[in-house]
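Notes follow the structure.
Just so it is clear, none of the values below were taken in a lab; they were calculated from the coordinates. On a predicted model such as this, the values are computed, not experimentally measured, just so you know. Every residue, glycine as well, gets a Cβ built from its backbone with ideal geometry; the counts of neighbours run over all protein chains shown.
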Amino acid sequence: MLLTQLVAIAILQGVTEFLPISSSGHLILLPHVTGWPDHGLVVDVAAHFGTLIAVVTYFRADLIAMTAAWARNVGGGAATPLSRLAWAVLWGTVPVSVIGLLTHDFIAANLRHPLIIAATTIGFGFVLLFADRYGARVRETESLTWSDIALVGCAQCLALIPGTSRSGITMSAALAVGFTRTSAARFSFLLSIPVIFLAAGYETVNLIGSDVAVDWVGLSAVTLGAAVSAFACIALFLRLLDRIGMQPFVWYRFFLAGAAALLLLASTFGAAVVAAQTPSMQEFPSGTAVATFAGGCFWCMEPPYDKLDGVLATISGYIGGDVDKPSYKQVSAGGTGHAEAVQVFYDPAKVSYEKLLEVFWKNVDPTTPDRQFCDRGNQYRTAIFYHDGAQQKLAEASRSDLERTKPFADPIVTEITAAATFYPAEDYHQDYYVKNPLRYKFYRFNCGRDQRLEELWGKAH
């Protein structure tokens with residue numbers, strides 16, 4: 001990803017983490033709106049550490065006092081409002097920790113849909129509105145009871161569902177039992193510290209167990225951007241909260257839900273158009289051949305083949321790795337060995353394999369190992385996956401010819417290897433440029449793909 005994209009994601013994470021508007025909902029919708037690739041595990045970890053730094057820094061005095069009071073209480077000293085607050089933060093974290101561990105994979109696989117985000121954004125927006133309007137708003141954190149802790153802690157579990165908002169649901173619960181807006185927000189932010197720490201730790205463990213290349217410059221930018229934006233957001237929110245209330249955030253949630261619903265409608269319409277235009281596998285005539293190419297983002301490799309006479313269909317997917325039935329999230333995070341690739345089904349009587357090779361070369365940067373344009377990692381390597389000996393000979397001859405005639409000085413690093421099992425990508429990736437033309441064009445331009453291709457091959461590429 002480009003540094004500008006990473007910084008934008010960091011700022012978005014920092015701002016939305018503590019406002020009652022759902023950070024997860026925004027980050028899930030962002031690739032759908034912009035066409036950017038999934039930001040991956042490394043960025044998640046860096047952004048979470050950035051927000052953790054921000055909230056700990058802002059509440060450093062409170063945390064020092066709470067820790068000291070808690071330690072005295074554990075050592076046999078009398079309970080105080082500060083020690084009770086510390087216990088509340090610790091015990092309030094238990095429910096979401098347990099439920100999060102038990103449901104993490106299920107939520108990641110089933111609840112990241114725009115329709116779910118729209119529904120939870122609206123539903124819990126109303127909860128926030130009613131709690132803010134009808135709550136007594138007279139209690140302070142010093143009056144916390146075990147029933148308050150249980151209610152807010154259990155409410156926090158609902159934040160595991162994208163679109164809910166962790167800060168939004170915990171503030172709603174605190175407001176519902178009579179806390180002031182500032183006290184509800186303060187308790188919510190303190191409660192976020194162990195949750196963010198545990199989430200970042202969980203992701204770090206997963207990261208250590210993967211083979212992901214780390215861009216330390218980008219990682220530092222994400223952490224810094226998330227920290228600065230989150231700190232500013234906390235300070236401004238607490239300063240303005242009593243003056244503006246929760247209503248502006250409720251209205252924003254409704255706007256966000258509407259945007260998610262429109263996005264879903266547009267994607268559904270686009271998918272229907274594509275389904276009507278693309279022939280099924282059963283409709284391919286006998287003698288149809290298949291070719292497989294990896295050229296970075298598979299969204300960008302479909303269009304040049306789809307417009308060729310004799311090409312019957314293109315399918316985006318994953319190939320070359322050792323993970324069975326990988327998901328986009330797994331592949332884009334790195335470590336699977338798979339490359340994003342496109343399979344081309346074609347009629348050899350109308351278009352030759354040599355022509356497909358020519359199109360391949362002119363649409364990739366064959367000089368960069370484990371990278372294509374703004375996308376970095378082994379999953380974005382260039383490769384030709386041959387399906388028989390004839391394709392292998394033609395591919396090797398094509399690469400040799402190009403080495404002699406190439407208009408650039410750098411060596412060609414594109415691999416030529418036997419095709420293994422090809423795993424089709426998720427439906428929303430298929431014909432992405434047709435379903436989402438504006439987001440596709442934005443991504444392609446922002447990634448610098450056409451600019452680099454012109455540098456390599458000239459304007460007539």
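For the reader, a short list of remarks on this structure follows.
- Alpha-carbon Debye profile of the chain, log10 I(q)/I(0) at 0.14 Å⁻¹: -1.26
- Per-residue extension of 0.36 nm, minus the Cα-Cα distance of Trp251 and Ser352, leaves a gain of 30.7 nm for this segment.
- Taking 0.36 nm per residue of separation and subtracting the Cα-Cα distance, full extension of the segment from Asp242 to Phe130 would add 38.7 nm.
- For segment 343-461, radius of gyration divided by Kirkwood radius, i.e. Rg to Rh on alpha-carbons: 0.96
- Helix axis angle, 247-277 relative to the chain longest principal axis, alpha carbon, degrees: 20
- At q = 0.10, 0.17 Å⁻¹, base-10 log of I(q)/I(0) for segment 3-266 (Debye sum, equal scatterers on each alpha carbon): -0.49, -1.43
- Positive-end residue, the chain charge dipole about Cα centroid, Cβ charges, pick of Ile384, Leu85, Val55: Leu85
- Hull-based mean projected area of segment 322-405, where the convex hull spans the alpha carbons, in square nanometres: 6.6
- Segment 10-138, Rg to Rh (Cα coordinates; Rh as Kirkwood inverse mean 1/r): 1.03
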